[in-house]
Every structure is written in C-alpha cells, then in structure tokens.
C-alpha cells in the first residue's frame, strides 16, 4: 500500500464514520502518524508506506472514527499561532479565546504582574507571555497561573516550556492559594449550564473534561466567586478580563458592578458573539 492509498483508505473510513471533515482529518492524522508534513507527502505519496506509519495511522483513524477529538489524538492544538500540548485532562484551546489574549496585550506594560486562574492547558498565559516578549523585545512580565487540577498544571508547565516562557504555577481553587496583588487577572472559567452539557457536540461532551465545562446549574457559579474575590488580588486600577458565554454578558456585568468594578467593556468575537468582559478595580 502506497502512502497515497493509505491516505485514501483513512479518508474513506472517516467518511463512513460521518466525521465532519474526513479529508482534512485523514491528512492531519497521516502527518501525525508519519511525524511529517505536507512536503513529505508530496515527495513520498507513491512510495510504499512504512509499517510503523500504517499501524500508527490505522490506530489514529480508529480513534477518530469514534469521534475522539483530533487534538487529543495528536496531542497538540493550535492557539495564537503556537502549537500547544493538550491531553484529555484539559479543555482544547478555542480560536475564540484568542480574543482575550489580544485584549490583554493591548494594556500590558513591562514589569506588570499577571495572574491567570482556571488556566487549564496554560494556553492563555503562555501565549500572552510569549507574545509580550516578542512585541517588546524581551521586556520582563511577571506571570503566574493557577488551576485546581494537578494534571492540568502538568500540561500547562509543558506548554510554558514549549514556548520558552517563565510562568509561576500554583495549585489553587480559584484564589484560595493565591498571594499578592496583580495588575491584570485573566480567567476563562467553566461556564456551560449543567443541563446544556448533554446538548453539546459528542466530541465535547464525551471527551473533554466535564470539570472544565460545567459552570454548575446556571453556568455562572465561577463568575460569582471570581467577581466577589478578585478585588483583593488586583492592584489599584488593575484590570480583570473574563471570557464568557454568548448569553452571559448582562449577568456577569451585573456581578462586576455589584462588586465595585468600573469601566466595564464587552468585546465580541469575529462571529459577533459576546466573548470577553474587561473591567477595572474600583480605586
């Protein structure tokens, strides 16, 4: 069987399994199985496929046919132009979350302190730290990140290493183990209503960690706790950035106002959906 024939077989298997984009998935899984890229395929497509590549590809296709997310199979996911490690212990980074990174980078200055809570894969603080260094020619930014899951923190540490950035990680239930104050706090907490999880796509509800999805009964549990406690960890004029669900802006904005935050601003994603709330600590 040639490399081209192997790819065709994979595409047909994924099409039979009704995967949304069998051609793209088959290509990406083949590159993963061969530890190669498009240029390799162009050069070797009519050559016999190596046995190790065939075995690895067939195993990956079988997993994808069961609708396991491609990112968990390959172990990586793109985020803000970087390749992030992912495992089933963390939520797969979403393109829409890049909006939060963009907004944070607009306000950062050298020597600021930033804290990311509910960090998961660590994609947010890692991308911010890397981009800030690139934009400023290596200016220092003090970055910390926390999560309640030790398994998630293990992934986050690896992503910091992958990007070559220095981040201090803390195992913490929101602010429980956090000390000191920060200029910027970021968070993308779980915000799906518990009853809505069963309505999510199979790839999400069956494979991604429920603890990273569920915002409890109304989806707002973590926002209540974060907005109630964040001021104690923000410096004067410090700013908080929260990713939110598409229908949560009004509720979360109300919580921010109730806890003394000001200059609340909503940012929408490229699809026009409410995505990020930013607010300043009351002086």
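The values are calculated or read from the model by the stated rules, or taken from the named source; none is laboratory data. Computed from a predicted structure; not experimentally measured. Note that each Cβ is placed from the backbone with ideal geometry, even for glycine, and that neighbours are counted across all protein chains shown.
State the number of residues belonging to the stretch 132-155 that are crowded, with 21+ Cβ neighbours inside 10 Å and touching a residue at least 40 places away in the same chain (Cβ under 8 Å).
Final tally of qualifying residues: 2.
Listed here are the residues, each with its yes/no results for (1) in a helix (DSSP H, G or I); (2) assigned by TED's automatic domain parsing to the domain that holds residue 28.
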{"site": "55", "(1), (2)": "yes, yes"}
{"site": "58", "(1), (2)": "yes, yes"}
{"site": "92", "(1), (2)": "no, no"}
{"site": "103", "(1), (2)": "yes, no"}
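Please specify each residue of the stretch 244-283 satisfying the condition of being more than 25 Å from the chain's Cα centre (by Cα), in contact (Cβ under 8 Å) with a residue 24 or more places away in the chain and either on the phi > 0 side of the Ramachandran plot or not in a loop (DSSP other than H, G, I, E, B) (or both). Full working, then the answer.
Going residue by residue through the stretch 244-283, those that are more than 25 Å from the chain's Cα centre (by Cα) are 254, 257-263, 281-283.
Within this subset, residues satisfying the condition of being in contact (Cβ under 8 Å) with a residue 24 or more places away in the chain are 258-261, 281-283.
Hits for the stretch 244-283 are 258, 260.
Answer with yes or no whether residue 42 is more than 30 Å from residue 160 (Cα to Cα), modelled with pLDDT under 95 and surrounded by fewer than 13 Cβ atoms within 10 Å (Cβ to Cβ).
Details: more than 30 Å from residue 160 (Cα to Cα): yes; modelled with pLDDT under 95: yes; surrounded by fewer than 13 Cβ atoms within 10 Å (Cβ to Cβ): yes.
So residue 42 passes the test.
When the stretch 127-143 is examined, which residues are found to be within 16 Å of residue 160 (Cβ to Cβ) and either assigned to a helix (DSSP H, G or I) or at pLDDT 95 or above (or both)?
Those that are within 16 Å of residue 160 (Cβ to Cβ) and either assigned to a helix (DSSP H, G or I) or at pLDDT 95 or above (or both): 127, 128, 129, 130, 131, 132, 133, 134, 142, 143.
Would you please name the residue that is surrounded by the most Cβ atoms within 10 Å (Cβ to Cβ), looking only at residues in the stretch 212-223 that are in a loop (DSSP other than H, G, I, E, B) and touching a helix residue (DSSP H, G or I) at 6+ places or on another chain (Cβ under 8 Å)? Let's see the steps before the verdict.
Taking the stretch 212-223 and keeping what is in a loop (DSSP other than H, G, I, E, B), we get 213, 215-220.
Retained after the next criterion (residues that are touching a helix residue (DSSP H, G or I) at 6+ places or on another chain (Cβ under 8 Å)): 213, 215-217, 219-220.
Details: 213: 19, 215: 22, 216: 14, 217: 10, 219: 24, 220: 20.
Per the criteria, the residue is 219.
For the stretch 224-243, enumerate the residues that are assigned to a helix (DSSP H, G or I) and over 15 Å from residue 143 (Cβ atoms).
224, 225, 226, 227, 228, 229, 230, 231, 232
Could you check how many residues of the stretch 249-264 are surrounded by 16 or more Cβ atoms within 10 Å (Cβ to Cβ) and either touching a strand residue (DSSP E or B) at 6+ places or on another chain (Cβ under 7 Å) or under 17 Å from residue 145 (Cα atoms) (or both)?
Number satisfying all stated conditions: 6.
If you go through the stretch 73-87 one residue at a time, do you hit one that is assigned by TED's automatic domain parsing to the domain that holds residue 211, more than 27 Å from residue 191 (Cβ to Cβ) and not in a helix (DSSP H, G or I)?
no
Have a look at 35, 21, 116, 111 and point out the one that is free of Cβ contacts under 8 Å to residues at least 24 places away in the same chain and over 25 Å from residue 206 (Cα atoms). It would help to see each step written out before you state the result.
Numbers: 21 fails: over 25 Å from residue 206 (Cα atoms); 116 fails: free of Cβ contacts under 8 Å to residues at least 24 places away in the same chain; 111 fails: free of Cβ contacts under 8 Å to residues at least 24 places away in the same chain.
Every option except 35 fails the conditions.
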